[in-house]
Amino acid sequence: MRCSHCGIELADDEARIHHNETLCEDCYLDTVYSVKGCDPWAVYLATRSRQAAGQKGSEGLTDLQREIYEFIKERGKVTGEELLEHFGLPLNELQDQIAILRHCELVKGLKEGTRVFLTLFEQD
């Protein structure tokens, strides 16, 4: 038996079934518990936690989140493709990091014509 997402070989007792797909534990967790970009409760919790800790800008972020934040800050606005190319991360990991920055109200989407950019939520 193989994982429908990553293709690794699974023993019968290792398989997880989700929406008729056979998944390994890692893919199952990524699917079921993934970070959502649009999550008002996550925004509330993240902004209140940062406020209570007195954090501004990149304070309190992981090294990777700080690097992404600073990259966007330096350029003013970037596309997801630019971030993928620059950081070389898997798409789902980059999406999770961007979602966290959005929850902290540090980064937001900006649509210009048919293109979507990421920019800082507020300029420092």
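The values are calculated or read from the model by the stated rules, or taken from the named source; none is laboratory data. Note that the coordinates shown come from a computational prediction; the quantities given were computed from them, not determined experimentally. Note: ideal-geometry Cβ built from the backbone for every residue, glycine included; neighbour counts use all protein chains shown. Note: accessible area is taken over every heavy atom of the protein model, side chains too, but ligands, DNA and RNA are not part of it. Shrake-Rupley method; radii C 1.70, N 1.55, O 1.52, S 1.80 Å.
Some observations on this one:
- Residue count, segment 71-83 (criterion: assigned to a helix (DSSP H, G or I) and open to solvent by less than 60 Å² (accessible area, probe 1.4 Å)): 4
- Single residue of segment 106-124 satisfying the filter (under 23 Å from P40 (Cβ atoms), modelled with pLDDT under 95 and not in a strand (DSSP E or B)) that is least open to solvent (accessible area, probe 1.4 Å): F121
- Identity of the residue in segment 22-38, aliphatic (A, V, I, L, M) and outside any strand (DSSP E or B), that ends up nearest to C6 (Cα to Cα): L29
- The single condition from (1) within 30 Å of C3 (Cα to Cα); (2) part of a helix (DSSP H, G or I); (3) open to solvent by 40 Å² or more (accessible area, probe 1.4 Å) that W41 fails is (1).
- The residue that is surrounded by the fewest Cβ atoms within 10 Å (Cβ to Cβ), counting only those in segment 48-65 that are of a type in the set (D, E, K, R) and part of a loop (DSSP other than H, G, I, E, B), is E59.
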